[in-house]
Amino acid sequence: MAEQVQGLVLRRANEMAPEAIIEARAVEKFYAQPDGRRIQVIAPTDLRIYPDQILALLGPSGSGKSTLLRMLTGLAPPSAGAIFWHGRPLDGQRPNVAVVFQSFALFPWLTVLENVEAPLLARGVSAIERRKRALRILDTVGLDGFETAYPKELSGGMKQRVGVARALVVEPEVLFMDEPFSALDVLTAENLRGELLELWFERKMPTRAIFIVTHNIEEAVLLADRVVVLGRNPARIRADIRIELAQPRNRKTEGFIALVDHIYKVLTQPDLKVEEMAPAAVPAKPRPVMLPHARPGGIAGLLEILLDRGGRDDLYHLADELAMEVDDLLPIVEAATLLEYVRVHEGDIEITPQGRAFAEADILERKRLFRQAALAHVPLLRQIESALRAKADRALPDDFFQDLLDEHFSEEEAQRQLATAIHWGRYAEIFDYDAQSGRLFLTES
């Protein structure tokens with residue numbers, strides 16, 4: 001009976017686990033020498049690439065990162081072991097993947113448009129379809145207007161955008177990137193990382209997973225959902241670390257710094273077992289503060305009433321005089337409390353100095369004070385403002401924030417939370433919202 005129960009549990013666990021798109025099982029890479037010896041580059045290694053994940057492969061130079069990438073893409077066969085694509089051996093299959101290389105690898109005699117069309121031409125796609133898909137992806141990566149330019153006329157960042165467009169135009173299920181930002185200056189690399197995340201989170205790229213090779217620890221923690229750390233001589237996986245930090249990530253937060261420090265130890269102390277190292281002190285992801293469903297006008301009305309009553313009243317008495325149930329008044333009271341405009345103690349509600357200043361202010365000053373209080377005390381509004389500010393065009397779709405809230409609330413409550421946040425954010429002029437396009441726009445002061 002116990003064996004049957006255990007089998008049922010394992011079967012259900014397997015059913016719930018996502019299927020790996022690509023799986024490496026005990027893959028090795030070695031080179032035979034004339035004297036019969038082997039030079040082992042990669043020790044037997046197991047690795048899975050799952051959908052809806054960015055996986056960063058991190059390791060020192062010469063550790064075998066690019067060799068492993070080439071085996072996973074089918075560009076190079078493993079010396080032993082096997083690569084599986086959706087559970088089937090890769091032998092004889094052509095996986096739906098594309099690679100962005102470090103060196104741009106553009107054809108100098110072709111225009112930008114022709115470079116992007118090249119892989120479609122190799123696949124026998126018709127001229128009309130090639131042109132249509134290439135123009136669409138060039139617009140997506142911000143190269144609209146540069147179709148007739150040649151590589152020599154482009155900056156390094158623009159060349160790499162062409163490389164990304166050429167990879168995405170074939171609509172790969174997995175996008176592989178081999179140190180794509182290492183040949184660029186710091187500012188250009190940072191901008192391209194932001195653009196990559198924008199394409200990924202806004203679902204503008206036709207890919208289900210990204211596999212990025214890097215030797216930059218901060219880059220790995222900034223981008224990835226998982227960081228796989230390789231040791232070398234021969235290469236083997238030392239750690240597979242899940243990154244739980246919310247996007248967009250801030251390099252200065254305690255959790256980010258702790259993860260970078262931990263991965264640095266894993267990389268630089270090869271003789272020490274990973275389990276013996278102090279784990280990264282990453283704070284647990286907190287449940288977001290639930291926004292009370294009250295409008296700014298309701299909060300302002302409550303404060304004005306309290307001001308007329310000398311700044312204090314009994315909550316139940318106030319509800320009775322307003323011909324309201326206490327339960328109906330509570331969301332407004334909770335909202336005013338969250339903003340530190342009122343204090344509630346043993347059934348009495350009292351206006352604070354901040355609440356008094358708000359109630360006595362004119363319309364423009366109220367907006368300024370509300371903005372100040374909202375950004376100080378409402379994490380969701382602070383997160384929205386930070387995410388919009390991180391975007392080059394200061395705009396994001398509401399689905400991005402809806403997905404973040406879905407992790408903590410039911411679908412219905414997540415929608416209500418976002419609707420309330422939009423009311424507050426628009427009133428405080430933190431951001432604006434276009435309901436037709438479903439996009440939020442940062443309001444620049």
Point to revise | Of the criteria (1) in a helix (DSSP H, G or I); (2) within 27 Å of the chain's Cα centre (by Cα), which one PRO95 fails | key: (1)
Check your understanding: Can you spot a residue in segment 331-345 that is outside the structural domain of ILE430 (by TED's automatic domain parsing), at pLDDT below 85 and farther than 30 Å from THR443 by Cβ?
Key -> yes
Exercise for review: Could you look through segment 97-113, keep only residues that are farther than 18 Å from ASP178 by Cβ and touching an Asp or Glu at 6+ places or on another chain (Cβ under 9 Å), and pick out the one that is surrounded by the most Cβ atoms within 10 Å (Cβ to Cβ)?
Suggested key: VAL112
Review point. What number of residues within segment 172-189 satisfy the criterion of being in contact with a helix residue (DSSP H, G or I) (Cβ under 8 Å, 6 or more places away or on another chain), surrounded by fewer than 22 Cβ atoms within 10 Å (Cβ to Cβ) and more than 15 Å from HIS215 (Cα to Cα)?
Key: 2
Check your understanding: With PHE370, PHE409 as the choices, which residue is of a type in the set (Phe, Trp, Tyr), farther than 19 Å from ARG203 by Cβ and over 20 Å from the mean Cα position of the chain (by Cα)?
Key -> PHE370
Exercise for review: Go through (1) in contact with a strand residue (DSSP E or B) (Cβ under 8 Å, 6 or more places away or on another chain); (2) under 23 Å from PRO379 (Cβ atoms) and name the single condition ALA246 misses.
Suggested key: (1)
Revision key, fill the gap. Note: among ASP91, ASP139, just one is under 30 Å from PRO44 (Cα atoms) and of a type in the set (Asp, Glu), namely ASP91
Practice item. Can you work out which of the residues in segment 55-89 that are of a type in the set (A, V, I, L, M) and without any contact (Cβ under 8 Å) to a residue 60 or more places away in the chain is surrounded by the most Cβ atoms within 10 Å (Cβ to Cβ)? Key: MET71
Review point. Which residues, taken from segment 308-325, are surrounded by fewer than 18 Cβ atoms within 10 Å (Cβ to Cβ) and more than 45 Å from the chain's Cα centre (by Cα)?
Key: ASP308, ARG309, GLY310, GLY311, ARG312, ASP314, TYR316, HIS317, ASP320, GLU321, LEU322, ALA323
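Suppose the filter is on the phi < 0 side of the Ramachandran plot, touching a residue at least 60 places away in the same chain (Cβ under 8 Å), touching a Ser or Thr at 6+ places or on another chain (Cβ under 6 Å) and surrounded by fewer than 20 Cβ atoms within 10 Å (Cβ to Cβ); does ARG226 pass it?
So ARG226 does not fit the description; no.
Might you check whether a residue that is buried (at least 16 other Cβ atoms within 10 Å of the Cβ), over 24 Å from ARG249 (Cβ atoms), hydroxyl-bearing (Ser, Thr, Tyr) and in contact (Cβ under 8 Å) with a residue 60 or more places away in the chain occurs anywhere in segment 428-444?
no
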Review point. Is it fair to say VAL99 is under 22 Å from ILE21 (Cβ atoms) and of a type in the set (Val, Ile, Thr)?
Key: yes
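The values are calculated or read from the model by the stated rules, or taken from the named source; none is laboratory data. Values in this document were obtained by computation on a predicted structure and should not be read as measured data. Don't worry about glycine lacking a Cβ; one is built from the backbone with ideal geometry, like all the others, and counts go over all protein chains shown.
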